[in-house]
Amino acid sequence: MKMVSAIIKPFKLDEVREALSGMGVQGITVTEVKGFGRQKGHTELYRGAEYVVDFLPKVKVEAAVADELVDRVIEAIEGAARTGKIGDGKIFVTNLEQVIRIRTGETGKEAL
């Protein structure tokens, strides 16, 4: 099992969610996050004062998936989140040692 985490632009969340649910991913976790990469933020004017916005709003989408779905999940996220501009985000894949459904006590794939 793998944990697939993607940092994406907020307006792409619905497209990513639809792409994942369309391929059978049953549960995702979404977190509002802030950060920067190559964008390095930007400068804005507010009431005549200039200030720097270092951290840009992003959305982190996490899904625990079976090993055989990982490549398809990555492709689905890439396709749905890509705008072709800087700041589209990143996808991280990590191993999951164990998954347990609290309600039933199921473990492994059955818990997903």
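The values are calculated or read from the model by the stated rules, or taken from the named source; none is laboratory data. Because the structure is predicted, anything quoted here is derived from the model rather than measured. Every residue, glycine as well, gets a Cβ built from its backbone with ideal geometry; the counts of neighbours run over all protein chains shown. Ligands, DNA and RNA are excluded from the accessible area calculation, which covers all protein heavy atoms including side chains. Shrake-Rupley method; radii C 1.70, N 1.55, O 1.52, S 1.80 Å.
Brief remarks follow.
- Calculated FRET value between Thr107 and Ile86, using beta carbons and R₀ = 41 Å, to 0.05: 0.50
- Between 0 and 90 degrees, the angle of helix 13-22 with respect to the longest Cα principal axis of the chain falls at about 20 degrees.
- In sequence order, the range 65-81 has phi-based couplings of 9, 5, 3, 6, 9, 4, 4, 5, 5, 4, 4, 5, 5, 4, x, 7, 9 Hz under the Karplus curve 6.51 cos²θ - 1.76 cosθ + 1.60, θ = phi - 60°, and Gly or Pro positions carry x.
- Taking the protein heavy atoms of the chain in the context of the full set of protein chains, the accessible area attributed to carbon and sulfur is 50 percent at 1.4 Å.
- Dipole of the chain, positive direction: furthest Cα of Thr31, Val4, Val99, with charges on the beta-carbon: Thr31
- Helical content alone sets the calculated 222 nm signal of the chain at -6000 deg cm²/dmol, taking -39,500 (n - 2.57) per DSSP H segment of four or more residues and averaging over every residue.
- Nonlocal amide H pairs with Leu56, under 5 Å, H built at 1.01 Å: Gly35, Phe36
- For Leu96, distant residues with modelled amide H under 5 Å away: Lys2, Met3
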